[in-house]
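Colleague: Mind looking over this structure? Questions follow.
The values are calculated or read from the model by the stated rules, or taken from the named source; none is laboratory data. Because the structure is predicted, anything quoted here is derived from the model rather than measured. Quick reminder, even Gly has a Cβ in these numbers, built from the backbone with ideal geometry, and neighbours come from all protein chains shown. Each accessible area value is taken on the protein alone, full model and side chains, heavy atoms only, with ligands, DNA and RNA left out. Shrake-Rupley method; radii C 1.70, N 1.55, O 1.52, S 1.80 Å.
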Amino acid sequence: MDIARTPSTPDGNPEMADAPPAPKQPPLIRREDYTPFPWRVPETRLEFALGIETTRVTATLVVAPNPDSAPSQELRLSGDGLEPRSVEVDGQGANDWRMDDGDLVIALSPGPHEVRIVTEIDPAANSQLMGLYASNGMLCTQCEAEGFRRIAFFPDRPDVLSTYTVRMEGPKELFPVLLSNGNKVDEGDEHGAGDAWHWAEWHDPWPKPSYLFALVAGDLVSRKDSFTTMSGREVELAIWVRAEDLPRTSHAMESLKKSMKWDEEVFGREYDLDVFNIVAVGDFNMGAMENKGLNVFNTKYVLADPETATDGDYDGIEGVIAHEYFHNWSGNRVTCRDWFQLSLKEGFTVLRDQMFSQDMQGEAVKRIEDVRLLRSVQFPEDSGPLAHPIRPDSFREISNFYTSTIYNKGAEVIRMMRTMMGAESFRKGTDLYFERHDGEAATCEDFVKAMEDGAGVDLGQFRRWYSQAGTPKVEVELTHDGETARLTLRQTVPPTPGQPDKLPMVIPLKLALFDRATGRHRGEELAVLVGEQTTFEYAGFAEKPVLSINRGFSAPVSIEREASVEDLVFLAAHDDDPFARYEAMQELIVGHLVELVGGGLSEAARDSARNAIGGALRAVITDPKLDDSMRGELLMLPSQTYISEQLLVADPGRVHEEREALKAWLGRTLEAELVAMHERASGASSGIDQAARGARKVKTQALVFLAAGNPALGERIAAAQYDSAETMTDRQGALMVLCGLTGPERTHKLIDFYNRYRGNPLVIDKWFSLQAASLHPNTIEHVKALAGHPDFTLKNPNRVRSLYMAFAGNPHAFHAASGEGYRMVADLILALDPLNAQTAARFVPPMGRWRRVEPGRASIMRAELERIAGAQGLSRDTFEQVTRSLD
Ligand code: B3K
Ligand code: ZN
């Protein structure tokens, strides 16, 4: 309706008329506005009378004025959708309280008090999966970041640390197991209720913020084990799952024990409670949660056996178990002062889990995988409308800031510190950090200061990594003159939302200069770029050397250089740094595809580049010195996202076309070698040793190329691999390839896969994902049909992600020129937002890339974002992401 014709209501308020109300802008919360909470809460007692539909919560808070804050006459307790049933202060019913935007504000005279509030919640109705909710008959919690306020009125902010005692009671039959943080101190049957009801009391001696609170009640069984800490304390370990899942918990338990040992050895961190519990839940918004002594996990990161989990799933479990366990120190013992400091715990803990996995799984391949993730998710984030520094300055909804920037770039920033100061000094810095801030809610600045003081270094200018967003670009030029090689490095940091002008960063670049004739270099160097431009000189080179730069990906930057095809082929074959070798191969292929997409490449130039790439890949396939895990990495074509990222504005259709054409050409040209590699690798065992895992990786790599070059041959070999598969890795790899083909085996094997694994939700998730991520020409129709499949539900985040996140990451179908892919994702966001806002908002970033997409598609993407923005009653999560994406 035209605004001019909107009838006014008697009081002149157009919002009362039938026009949609203007969406209320959620408040912007700023880092600079931080003030300490006026009250301390030394003790918290929570009593839960548990029920799936009604749970009664009695919260007793011992409060006292905070000496570090200005005094206050009122106590503001955060609440979200709660109503107080009773409010008592010091044992007396209180009248002097009010509700303010969901919060409970109680008038309180200065001095210590005991405040008791009763609330009732309905876990079954909690589809947001934040707070206390029901999942498959059990009750569990998720409180980070602001879920605790959906359970009880409380100062729900990370700098209010309290010691918790939790009493739970409920029907034994429904909830035979009752768990909370810390140690179980007592339990018993409820008097007067026969033996039908029971209770348990838990006490956590470590003060913690409310976001680390957890409770689980359900019919669960556990795998038990124990760990003796470095000081000789015995810790009881338990992984709690549904009875039918128990056989699939051994890998998770082994991962936990390895993590505990590794953290003692590498960071000197010992576990600090008598028990460590992990619970697996089928309905979960993310991977896992590090609640003190009671980690809650998505089943995806707990359950595995070779029949149902891939090698990648095994690694994911090991990495996530480690990550959550490591949070016990980096996050729990030392927590965050406010949510702007999120990277303090997340960036550091990601670095710690990456280092652990590098030690467990092999350094080189893990590093390549981590960089691939950074480039495919974080780099696009950093160059788009949602770019933010690793320590953001403002937000409207904190759930939107659990980003790859906070996590992965955050880890890279701390990794750079380690690269510059060396492993030993780094450990001195982290020791000092833990010692200085144990039991505190700290800031990123506290971390940097402790690293400076502990390691004895100056990180003055380096701090800009915390405040400036955007991926720095480093232009590299190598010249040679007489006996001297001169390396000029020039940096620019691109403008990002709210940060038009940037200052130079500190960029540590590991490099080596190779002698072309011998294929050797004289040692790795570290060049640290601090200004906008610096020239480094290297004497003693009779001939221009070949430059290997950003070895090990020592800095999260994009390197721009004019490397010749010959130099890249040289590095791809000779570089002794595995990452640099991988990088040279990627550069070779990306450079070629970018040229092709740009047009104007003659056929002769294209053929010569193709031949160089083909030759380099042939050398990789046949190099006897390479192990298969690394070979698999070198054979991976750069992703479409990464290629598009190199272009200012990309036509997804063109990028896809050229990438597929190259893949097909390579499949045809290297057919004999690929078939031989597949045959050789098929002879490997089905074990989980590195050799067997590597063999599985190259087998599926071979299929990818073969199917592109010769679909009939690819289909035949893939179908045979599917039939003879002894592991999920082989079976899923074969089905992935078949999903992209149009032959009959696609349907046969999809039916077989579904029937074989129906009833196993994690495997059925794979079945959805494989079809949604497929390059098959009819993927859009397939996804539409799958959305109506009886196994599809919007209520389970794993299932939603398995279909729609896979689809939104599909470079072909999502970007269909008709705009249908964009419409489908926008429809999903609108349907999911009222049910699960956090998950819905996660689908906005792929649409927010419109500025980097050719104008035809860009206008459809933008229109879809506007359609979402115009919807009534949008959540704060989705509203913030959509409006930032349109700005
Ligand atoms: N700290 C949690 C993430 C919580 C996300 C809340 N939206 C898991 C982790 O990073 O370890
Ligand atoms: Zn984490």
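Colleague: With respect to V160, is the statement that it is out of contact with any Leu (no Cβ under 8 Å at 6 or more places or on another chain), of a type outside the set (D, E, K, R), under 26 Å from P42 (Cα atoms) and open to solvent by 30 Å² or more (accessible area, probe 1.4 Å) true?
Modeller: So V160 fails the test.
Colleague: Then there is this: Of the numbered conditions (1) part of a helix (DSSP H, G or I); (2) crowded, with 21+ Cβ neighbours inside 10 Å; (3) not basic (K, R), A304 fails exactly one; give the number of that condition.
Modeller: Condition not satisfied by A304: (1).
Colleague: Quick check on R367: is it part of a helix (DSSP H, G or I) and basic (K, R)?
Modeller: Working: part of a helix (DSSP H, G or I): yes; basic (K, R): yes.
So R367 passes the test.
Colleague: A follow-up question, please. Within the range 638-662, work out how many residues are open to solvent by less than 20 Å² (accessible area, probe 1.4 Å) and under 14 Å from I589 (Cβ atoms). Full working, then the answer.
Modeller: Going residue by residue through the range 638-662, those that are open to solvent by less than 20 Å² (accessible area, probe 1.4 Å) are 638, 640, 643, 650, 652, 655, 662.
Narrowing further to those that are under 14 Å from I589 (Cβ atoms): 638, 640, 643, 655, 662.
Here the count works out to 5.
Colleague: Quick check on this structure: which one of T141, T165 is part of a strand (DSSP E or B), within 16 Å of ligand 1 (Cβ to nearest atom) and among the β-branched types (V, I, T)?
Modeller: Answer to the selection: T141.
Colleague: Scan the helices (runs of 4 or more DSSP H) fully inside the range 750-837 and keep the ones with 3 or more residues being open to solvent by 50 Å² or more (accessible area, probe 1.4 Å).
Modeller: 779-787, 820-832
Colleague: Sticking with this one: Residues of the range 36-57 being acidic (D, E) and within 16 Å of H198 (Cβ to Cβ), which ones?
Modeller: Just the residues of the range 36-57 that are acidic (D, E), to begin with: 43, 47, 53.
Matches in the range 36-57: E47 only.
Colleague: Here is a list of conditions, (1) open to solvent by 10 Å² or more (accessible area, probe 1.4 Å); (2) more than 16 Å from ligand 2 (Cβ to nearest atom); (3) among the aliphatic types (A, V, I, L, M), and V320 meets all of them except one; can you say which number that is?
Modeller: For V320, the exception is condition (2).
Colleague: Can you find, within the range 359-373, the residue that is surrounded by the most Cβ atoms within 10 Å (Cβ to Cβ) among those that are within 19 Å of S404 (Cβ to Cβ) and more than 16 Å from ligand 2 (Cβ to nearest atom)? Step through it out loud before you land on a result.
Modeller: Filtering the range 359-373 down to residues within 19 Å of S404 (Cβ to Cβ) leaves 366-373.
Of the ones still in play, those that are also more than 16 Å from ligand 2 (Cβ to nearest atom) are 366-369, 371-372.
Working: K366: 20, R367: 21, I368: 24, E369: 18, V371: 20, R372: 17.
Looking at the filtered set, the residue picked out is I368.
Colleague: Next up: Which is within 16 Å of ligand 2 (Cβ to nearest atom), assigned to a helix (DSSP H, G or I) and not assigned by TED's automatic domain parsing to the domain that holds L351, of Y325, Y314?
Modeller: Y325
Colleague: Restricting attention to the range 328-353, report how many residues are part of a helix (DSSP H, G or I) and either within 12 Å of ligand 2 (Cβ to nearest atom) or closer than 16 Å to F213 by Cα (or both).
Modeller: Count: 12.
Colleague: Tell me, please, whether a residue that is within 14 Å of ligand 1 (Cβ to nearest atom) and of a type outside the set (G, A, S) can be found in the range 253-270.
Modeller: no
Colleague: Quick one: L617 ticks every box in (1) in contact with a Lys or Arg (Cβ under 8 Å, 6 or more places away or on another chain); (2) aliphatic (A, V, I, L, M); (3) within 21 Å of L706 (Cα to Cα) except a single one, so which number is it?
Modeller: Condition (1) is where L617 drops out.
Colleague: From the list A691, A718, A684, A707, which residue is open to solvent by less than 30 Å² (accessible area, probe 1.4 Å) and within 29 Å of Q361 (Cα to Cα)?
Modeller: Checking each option against the conditions leaves just A718.
Colleague: From the residues in the range 118-134 that are in contact with a Ser or Thr (Cβ under 7 Å, 6 or more places away or on another chain) and more than 16 Å from ligand 1 (Cβ to nearest atom), which one is farthest from L835 (Cα to Cα)?
Modeller: Out of the qualifying residues, it is V118.
Colleague: Shifting gears a bit: I'd like the full set of residues that are farther than 18 Å from E381 by Cβ and not in a helix (DSSP H, G or I), limited to the range 838-878.
Modeller: Result: E854, G870, A871, Q872, G873, L874, S875.
Colleague: Shifting gears a bit: Answer with yes or no whether R372 is basic (K, R) and farther than 27 Å from N810 by Cα. Working first, answer last.
Modeller: Working: basic (K, R): yes; farther than 27 Å from N810 by Cα: no.
The answer is no for R372.
Condition check ((1) in contact with a Pro (Cβ under 8 Å, 6 or more places away or on another chain); (2) closer than 23 Å to H251 by Cβ) across all residues:
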position: G694; (1), (2): no, yes
position: Q721; (1), (2): no, no
position: L741; (1), (2): yes, no
position: T747; (1), (2): no, no
position: K766; (1), (2): no, yes
position: T779; (1), (2): no, no
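Colleague: Could you please tell me which pairs satisfy a Cβ distance under 9 Å, a separation of 6+ or placement on different chains, a first residue in the range 163-182 that is closer than 21 Å to E236 by Cα, and a second residue that is open to solvent by 50 Å² or more (accessible area, probe 1.4 Å) and among the hydrophobic types (A, V, I, L, M, F, W, C)?
Modeller: Listed by first residue and then by second, the contacts come to T165/V185; N181/W206; G182/W206.
Colleague: Could you pull out every one of the helices (runs of 4 or more DSSP H) wholly within the range 638-687 that has 3 or more residues that are acidic (D, E)? Walk me through how you get there before you give the answer.
Modeller: Values: elements: 640-645, 652-669, 671-682.
The qualifying helices (runs of 4 or more DSSP H) are 652-669, 671-682.
Colleague: Scan the range 257-292 for residues that are within 16 Å of ligand 2 (Cβ to nearest atom) and in contact (Cβ under 8 Å) with a residue 40 or more places away in the chain and report the count.
Modeller: 12
Colleague: Continuing with the same structure: Any idea which of T471, T430 is more than 16 Å from ligand 2 (Cβ to nearest atom), surrounded by 19 or more Cβ atoms within 10 Å (Cβ to Cβ), hydroxyl-bearing (S, T, Y) and assigned to a helix (DSSP H, G or I)?
Modeller: T430
Colleague: Okay, moving on. In the range 284-332, what residues are over 21 Å from S250 (Cβ atoms) and away from ligand 1 (no atom under 14 Å from the Cβ)?
Modeller: Within the range 284-332, just G293 meets the criteria.
Colleague: Moving on. Can you name every residue in the range 333-355 that is closer than 14 Å to N295 by Cβ and open to solvent by 10 Å² or more (accessible area, probe 1.4 Å)?
Modeller: Here is the first cut: in the range 333-355, the residues closer than 14 Å to N295 by Cβ are 349, 353.
Answer for the range 333-355, where residues must be closer than 14 Å to N295 by Cβ and open to solvent by 10 Å² or more (accessible area, probe 1.4 Å): just D353.
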